[in-house]
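**Q** This is the structure, below, for whatever I ask next.
The values are calculated or read from the model by the stated rules, or taken from the named source; none is laboratory data. What you see is a predicted model, and the numbers here were worked out from it, not measured in a lab. Cβ atoms come from the backbone with ideal geometry, glycine included; neighbour counts cover every protein chain shown.
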Amino acid sequence: MIAPLRHLRALLGSWRGRFIAVFVLAQLLIPLHYYVQHRDPHDERFAWRMFSPMRMAQCSPTIKIGETVQPISRLFHDAWIKIAQRGRFEVVEAMGAELCKRYPGKEVTISLDCTYVGAPPRRWGGYDMCSVALLAGD
């Protein structure tokens, strides 16, 4: 038998070896979700970030309640603002949901203007988050 196959068979012959094999396989397969099926290009928590310039993306969230632009620093904690400036859709959408609760009956418009390394700038959102709760989707 070929030596690598003998080593693999020996590894998979014990419960510890099977555990190690499953763990290593999971570490390789979980990041594929980001590349195969993802809605938020800014959310790289489970991706191989060393291959992506997305970490350098800079976003500016703009919030309007009714017709008035609101300073984001008065509405949310700095931690939320920092994550929103990284372009994380889930956080910005949660901000919109929170504002829809705080200001029922008013139009809450959130737009996210992002600049990227090696790619053109892009605007996400820009519509009433109380009627359309997602910034973007597939």
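**Q** Working only within region 106-120, note down all residues that are at pLDDT below 90 and either touching a Gly at 6+ places or on another chain (Cβ under 6 Å) or over 16 Å from residue 60 (Cα atoms) (or both).
**A** Of everything in region 106-120, those that are at pLDDT below 90 and either touching a Gly at 6+ places or on another chain (Cβ under 6 Å) or over 16 Å from residue 60 (Cα atoms) (or both) turn out to be 118, 119.
**Q** Within the bounds of region 19-37, is there any residue that is outside the structural domain of residue 84 (by TED's automatic domain parsing), in contact with a helix residue (DSSP H, G or I) (Cβ under 8 Å, 6 or more places away or on another chain), farther than 28 Å from residue 113 by Cβ and modelled with pLDDT of 80 or more?
**A** Step one: of region 19-37, the residues outside the structural domain of residue 84 (by TED's automatic domain parsing) are 19-37.
Of the ones still in play, those that are also in contact with a helix residue (DSSP H, G or I) (Cβ under 8 Å, 6 or more places away or on another chain) are 20-21.
Narrowing further to those that are farther than 28 Å from residue 113 by Cβ: 20-21.
This time we only want the ones that are modelled with pLDDT of 80 or more, so: 20-21.
Within region 19-37 (the criterion being outside the structural domain of residue 84 (by TED's automatic domain parsing), in contact with a helix residue (DSSP H, G or I) (Cβ under 8 Å, 6 or more places away or on another chain), farther than 28 Å from residue 113 by Cβ and modelled with pLDDT of 80 or more), the answer is yes, since at least one residue qualifies.
**Q** With respect to residue 133, determine if the residue is among the aliphatic types (A, V, I, L, M), surrounded by fewer than 15 Cβ atoms within 10 Å (Cβ to Cβ) and over 12 Å from residue 63 (Cβ atoms).
**A** Working: among the aliphatic types (A, V, I, L, M): yes; surrounded by fewer than 15 Cβ atoms within 10 Å (Cβ to Cβ): yes; over 12 Å from residue 63 (Cβ atoms): yes.
Yes: the conditions hold for residue 133.
**Q** Moving to a separate point now. Pairs needed: first member in region 9-31, without any contact (Cβ under 8 Å) to a residue 12 or more places away in the chain and on the phi < 0 side of the Ramachandran plot; second member anywhere, hydrophobic (A, V, I, L, M, F, W, C) and outside any helix (DSSP H, G or I); C-beta distance under 9 Å; at least 6 residues apart or different chains.
**A** Listed by first residue and then by second, the contacts come to 9/1; 18/12; 21/12.
**Q** Show the residue pairs that are 6+ apart or on different chains and have beta-carbon atoms under 9 Å apart, the first residue being within region 102-120 and assigned by TED's automatic domain parsing to the domain that holds residue 60, the second being of a type in the set (Val, Ile, Thr) and surrounded by 20 or more Cβ atoms within 10 Å (Cβ to Cβ).
**A** Here the result reads 102/108; 108/63; 109/63; 110/63; 110/92; 111/63; 112/92, each pair linking region 102-120 to a residue that is of a type in the set (Val, Ile, Thr) and surrounded by 20 or more Cβ atoms within 10 Å (Cβ to Cβ).
**Q** Next question, about the same structure. Of all the residues that make up region 60-90, how many are surrounded by fewer than 18 Cβ atoms within 10 Å (Cβ to Cβ), of a type in the set (A, V, I, L, M) and outside any helix (DSSP H, G or I)?
**A** Going through region 60-90 one residue at a time, the tally reaches 2.
**Q** Residue by residue through region 91-115, note down the ones that are outside any loop (DSSP other than H, G, I, E, B) and exposed (fewer than 15 other Cβ atoms within 10 Å of the Cβ).
**A** 97, 101, 102, 115, listed by residue number.
**Q** Among the numbered criteria (1) modelled with pLDDT under 90; (2) not assigned by TED's automatic domain parsing to the domain that holds residue 103, which one does residue 57 miss?
**A** Every condition holds for residue 57 apart from (2).
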